[in-house]
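Reviewing the structure listed below.
The values are calculated or read from the model by the stated rules, or taken from the named source; none is laboratory data. Because the structure is a prediction, the values reported are computed rather than measured. Glycine gets a Cβ as well: all are built from the backbone with ideal geometry, and neighbour counts include every protein chain shown. Just so you know, the surface numbers come from the protein's heavy atoms only, side chains and all, with ligands and any DNA or RNA stripped out. Shrake-Rupley method; radii C 1.70, N 1.55, O 1.52, S 1.80 Å.
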Amino acid sequence: MKYSFILLFMLIATTVSAQENLQKGAKASEAKKSFQTVKELPITSVKNQYRSGTCWDYATLGYFESEILRKTGKTYDLCEMFVVNKDYMDCATHYVRMHGFSQISEGGSCDDVLEVIRQHGICPEDAMPAPGSLTGDSLANFKVFFPELEKTISGIVRKDAKEPLPHWQDSVQTVIEKYVGRCPESFVYEGKTYTPKSFAESLGLDLDDYVSLTSYTHHPFNQWFVIEAPYKWRLKPSYNIPIEQLMDILDKALDAGYTVAWGGDVSGDFTRTGLAMLPEGVTPTQEMRQEQWNDWRFTYDHVMLIYGKAIDEQGKPYYMVKNSWGEYGLYKGIWYMSRDYMTLNTTYLFLNRHALPNAIK
C-alpha cells in the first residue's frame with residue numbers, strides 16, 4: 001500500500017511537471033511569434049467575463065459596439081448584465097413553454113443579444129450595478145448565482161404537473177436581480193433621459209441587418225437551418241453554405257470594413273495565451289468539419305469578435321480576434337487565430353448582411 005501511494009504520488013508529480021513544461025514551452029514558442037497587421041478595424045476595449053459563462057454576451061455587445069463605431073464614429077460601453085437579466089428570464093420562459101424539455105445554461109449565442117435588444121432595448125454599463133458588486137466581487141461571478149437560478153427554474157415544472165408553479169416569474173426575477181441587479185426603467189446618459197428601448201433606437205443600428213451563416217453537410221447548402229447546439233436554445237436559423245464560401249465572405253467582410261462575431265470551438269488547439277492554430281500538416285476540409293461535429297470532438301463553446309487580419313513570419317494568414325477574458329495573455333486579450341483553425345473550428349459567423357456578396361444577399 002505504501003509503495004502504491006509513492007508510485008501514485010510520483011505519477012501525479014510527473015504529470016503536473018509535464019503540464020508545466022508544456023505550458024512554459026507554449027509560452028516560449030508564442031513569445032517568439034510575431035505578426036504583421038494586414039487589416040485592423042476599430043473596436044472598443046477588451047472586457048472580462050470573469051467567472052461567468054457569458055462570452056456570447058460580451059462578444060456580441062462588443063460586436064455591436066464596433067458596428068456603432070463603424071456607422072457613427074461614437075464609442076459606447078453597453079451593459080452585459082442588462083442582457084443577462086433579460087436573457088435568463090427569456091430562457092426560463094422558453095423552458096416553461098417547452099414543459100421542461102429545454103436547456104438551462106449560462107451559455108448562449110449572438111442571437112440572444114440581438115433578440116434582447118430588439119425586445120427589451122439596452123442601457124449603458126453604468127446604468128446598472130457593476131458586475132459582481134452585489135455579491136462583493138469585482139467582476140461577474142456566477143458560481144453561486146447560476147446554480148441557484150437553475151434550481152429555481154427547474155423547480156417550476158414539477159413531474160406530472162398539469163401547470164407550472166404559480167407566479168414563477170417573480171421567483172426567477174428575484175434570483176436574477178439579487179445577483180446582477182434590476183434593469184432600469186429609465187436613465188440619464190450624456191444629459192438626456194432614455195428608456196432602454198429609446199436608447200437602443202438612438203444607437204443607429206438596424207437590427208434587421210444581422211444574419212448568421214454556417215457550413216455543415218447534414219443539411220442542404222443554400223438553405224436555412226437551426227444549428228443543433230445546446231446553447232442555441234432560441235432556435236434561430238443560420239444560412240448554410242460551403243466552408244470555402246464562408247471563409248471568402250469573412251475575408252471580404254473584413255476588407256470592406258465590417259467586423260464579424262464568431263461562434264466556434266476552443267477546446268482543441270486554442271492556447272490560453274493568445275494563439276489558435278492547427279498542428280503542422282493538418283489541412284481542414286468540409287468532410288473533416290462534419291466528422292468532428294458528428295462525433296462531438298468539435299463543439300460550440302465560445303464566442304469572440306473578429307476585427308482584423310495579419311500574417312506571421314512565414315506569411316501564413318491569421319485573424320485578429322478580441323476575446324472576453326480581460327487583458328490576458330501575450331497579446332493583452334487579443335488572439336491570433338490561423339485561417340486553417342478558423343476554417344475547421346467555426347460553428348457560425350454573425351455579421352451585417354450588407355457585408356455579403358449580392359448573390360447571398
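When the criteria are applied in full, Q103 fails the requirement of being surrounded by fewer than 19 Cβ atoms within 10 Å (Cβ to Cβ) and in a helix (DSSP H, G or I). Scanning the stretch 207-221 for residues being under 16 Å from M288 (Cα atoms) and in a loop (DSSP other than H, G, I, E, B) gives a total of 5.
The single condition among (1) within 26 Å of L149 (Cβ to Cβ); (2) open to solvent by 30 Å² or more (accessible area, probe 1.4 Å) that C79 does not meet is (2). Candidates are the residues of the stretch 155-176 that are farther than 19 Å from V144 by Cα and in contact with a Ser or Thr (Cβ under 9 Å, 6 or more places away or on another chain); the one that is most open to solvent (accessible area, probe 1.4 Å) is Q169. Just the residues that are of a type in the set (A, V, I, L, M) and free of Cβ contacts under 8 Å to residues at least 12 places away in the same chain, please, taken from the stretch 207-265. Within the stretch 207-265, just L235 meets the criteria. If you go through the stretch 151-171 and keep only what is free of Cβ contacts under 8 Å to residues at least 40 places away in the same chain, at negative phi and not polar (S, T, N, Q), you end up with K151, G155, R158, K159, A161, K162, E163, L165, P166, D170.
Go through the stretch 334-350 and give me each residue that's of a type in the set (F, W, Y) and in a strand (DSSP E or B). It would help to see each step written out before you state the result.
Just the residues of the stretch 334-350 that are of a type in the set (F, W, Y), to begin with: 335-336, 341, 348, 350.
Matches in the stretch 334-350: W335, Y336, Y348, F350.
Would you check which residues across the stretch 260-297 are in contact with a strand residue (DSSP E or B) (Cβ under 8 Å, 6 or more places away or on another chain) and under 23 Å from H219 (Cα atoms) and list them?
Within the stretch 260-297, A261, W262, G263, G264, D265 qualify.
Can you find, within the stretch 138-154, the residue that is farthest from M98 (Cα to Cα) among those that are open to solvent by 40 Å² or more (accessible area, probe 1.4 Å) and of a type outside the set (S, T, Y)?
Among residues in the stretch 138-154 that are open to solvent by 40 Å² or more (accessible area, probe 1.4 Å) and of a type outside the set (S, T, Y), the one farthest from M98 (Cα to Cα) is L139.
Figure legend. Inter-residue proximity from the stretch 48-66: first residues within 13 Å of C79 (Cβ to Cβ), second residues among the small types (G, A, S) and open to solvent by less than 10 Å² (accessible area, probe 1.4 Å), beta-carbon distance below 7 Å, spacing 6+ or different chains. Indicated pairs: T54/A140; D57/G108; Y58/S324; T60/A261.
For the stretch 29-60, residues that are modelled with pLDDT under 95 and either acidic (D, E) or in contact with a Cys (Cβ under 8 Å, 6 or more places away or on another chain) (or both) total 1.
For the stretch 272-284, which positions are surrounded by 12 or more Cβ atoms within 10 Å (Cβ to Cβ) and free of Cβ contacts under 8 Å to residues at least 12 places away in the same chain? Outline the logic, then answer.
First pass over the stretch 272-284, keeping only residues surrounded by 12 or more Cβ atoms within 10 Å (Cβ to Cβ): 272-278, 282, 284.
Result: no residue meets the conditions.
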